[in-house]
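The structure appears right after this line, and notes come after that.
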Amino acid sequence: MRIVDIRETAIPLKSKLANSSFDFSEMTTSVVAVITDVIRDGKPVCGFAFNSTGRYACGAQMRERFIPRIMAAAPDTLLDASGKNLDPDKIVAAMMRREKIGGDAERSIGIGTIDVAVWDAVAKIADKPLHRVLAERFSGGKVPDQVFCYVGGGWYWPGQTIKDLQDEMRRHLDAGYTLVKMKVGGLPLDQDVKRLEAVLDVVGSGEHLAVDANGKFQRDEALAYAKALAPFKLHWFEEPCHPLDLALHAELASVYAPSLATGENLYSTQDVANLVHFGGWRADRDIVQVDPPQAYGIGQYARTLDMLAARGWQRTSLLPHGGNQMSLSIAAGFGLGGAESYPGVFGDFGGFADDARVENGAITLSERPGIGFEGQAALYKIMRELAD
């Protein structure tokens, strides 16, 4: 067997939402199709992925370096020991040829997106859901029936009122979520606190609410927010400062008793190791939110988990960024603390399968082979057109 072709296309998200730092009006994402010569139901098996949300399409690197390296490799050098399926680690190794150490963000997203698409193909060839394949390889075969799922919302919309924000949170609770997240940092502190208190009136208590500053704050503002937020005992305070300001992370962890969270803008295992070693991250309460398609993919994510485990971290302290089926499959397969959901805010790229349901804060897993994009009609149409 072999990979016949790998294709990429850039798709605009067409979103008007904004966080504390930027809006998504120009945001794009790369959609990838890995086409194999394995035939099922009269069609080639194809693996699909996209580079999550929050980082622009990265097709130039894929087309100029990573895809040609894969296609130039002898097909049998990219197969597993059985010779009947692809080996994602060997394919990543092919993409990394002649790449200088460091500079991870320049290539980790392109490589990670292709890697996740390869894993989708691997699971489809095995005729199993991806979460089951991952559980068998990395979690002793322990496959959960459901995965905890929280909703990422509370964005800054043009013309939004406090009532609009409260109505949004009521919709999320009515949809079955028990933990919601809202943005902070887009308004002055006193106004953000009023927004937060209004949401707490809806959700009931801080354990049902997390906040996300998207890395906006410098030291004084980060400390001021930490002081103001601490009494609310929120589920977590996410990305309070620049993701690589480890000294400020450590300072915040020393003064902010509730949980902190970060990781979506870390792109290598070494980045995460630096966070927990130098950034003061606390294994008993803090959250790591690496986005696997943006951080070299699933194989490297497994190595990040091993690194954290050696430092006393439990997998339940990891919740991958990205409210999509890729992150859901990864959270389930590795036995992580849960998954994120972005219902209705990133067009065809947010959310899960069309028949997915959240009940009491958990989502039941699909048994569709692979990641399960086939159950998400609008997104699968984009992917299928790329493959065809």
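The values are calculated or read from the model by the stated rules, or taken from the named source; none is laboratory data. In this text, all values refer to a predicted model and were calculated from it rather than measured experimentally. Here Cβ is always computed from backbone atoms with ideal geometry, including for glycine, and neighbour counts include all displayed protein chains.
Some observations on this one:
- The lone exception for residue 147 - which of (1) modelled with pLDDT of 95 or more; (2) outside the structural domain of residue 357 (by TED's automatic domain parsing); (3) of a type in the set (A, V, I, L, M, F, W, C) it fails: (2)
- Reported count of residues in the stretch 124-149, each being closer than 15 Å to residue 327 by Cβ and among the hydrophobic types (A, V, I, L, M, F, W, C), is 5.
- Among residues that are touching a Ser or Thr at 6+ places or on another chain (Cβ under 8 Å) and surrounded by fewer than 24 Cβ atoms within 10 Å (Cβ to Cβ), residue 84 is not included.
- Contact map, the stretch 144-164: residues that are within 20 Å of residue 196 (Cβ to Cβ) paired with residues that are modelled with pLDDT under 90 and among the small types (Gly, Ala, Ser), Cβ distance under 7 Å, separation 6+ or inter-chain. Pairs shown: 152/323; 155/18; 156/18.
- Residues satisfying the stated conditions in the stretch 51-98, i.e. of a type in the set (Gly, Ala, Ser), within 30 Å of residue 152 (Cβ to Cβ) and either outside the structural domain of residue 31 (by TED's automatic domain parsing) or in a loop (DSSP other than H, G, I, E, B) (or both): 52, 54, 57
- All conditions but one from (1) free of Cβ contacts under 8 Å to residues at least 12 places away in the same chain; (2) surrounded by 20 or more Cβ atoms within 10 Å (Cβ to Cβ) apply to residue 385; the one that does not is (2).
- Only listed residue being touching a helix residue (DSSP H, G or I) at 6+ places or on another chain (Cβ under 9 Å) and under 26 Å from residue 138 (Cα atoms), chosen from 108, 15, 82, 30: 108
- The requirement of being within 30 Å of residue 208 (Cβ to Cβ), basic (Lys, Arg) and not in a helix (DSSP H, G or I) is satisfied by residue 142.
- Members of the stretch 223-256 found to be among the hydroxyl-bearing types (Ser, Thr, Tyr) and crowded, with 22+ Cβ neighbours inside 10 Å, listed by number: 225
- Residue within the stretch 19-32 that is farther than 23 Å from residue 320 by Cα, surrounded by fewer than 20 Cβ atoms within 10 Å (Cβ to Cβ) and in contact (Cβ under 8 Å) with a residue 40 or more places away in the chain present: no
- The single residue among 137, 171 that is part of a helix (DSSP H, G or I) and under 23 Å from residue 358 (Cβ atoms) turns out to be 171.
- Failed condition for residue 32, given (1) farther than 30 Å from residue 152 by Cα; (2) touching a Ser or Thr at 6+ places or on another chain (Cβ under 8 Å): (1)
- Residue list for the stretch 1-18, restricted to those being farther than 26 Å from residue 67 by Cα and either small (Gly, Ala, Ser) or buried (at least 18 other Cβ atoms within 10 Å of the Cβ) (or both): 15, 17, 18
- The set of residues in the stretch 343-388 that are assigned by TED's automatic domain parsing to the domain that holds residue 331 and hydroxyl-bearing (Ser, Thr, Tyr) comprises 364, 366.
- Among the residues of the stretch 230-263, the ones that are closer than 23 Å to residue 338 by Cβ, touching a Ser or Thr at 6+ places or on another chain (Cβ under 9 Å) and not in a loop (DSSP other than H, G, I, E, B) come to 4 in all.
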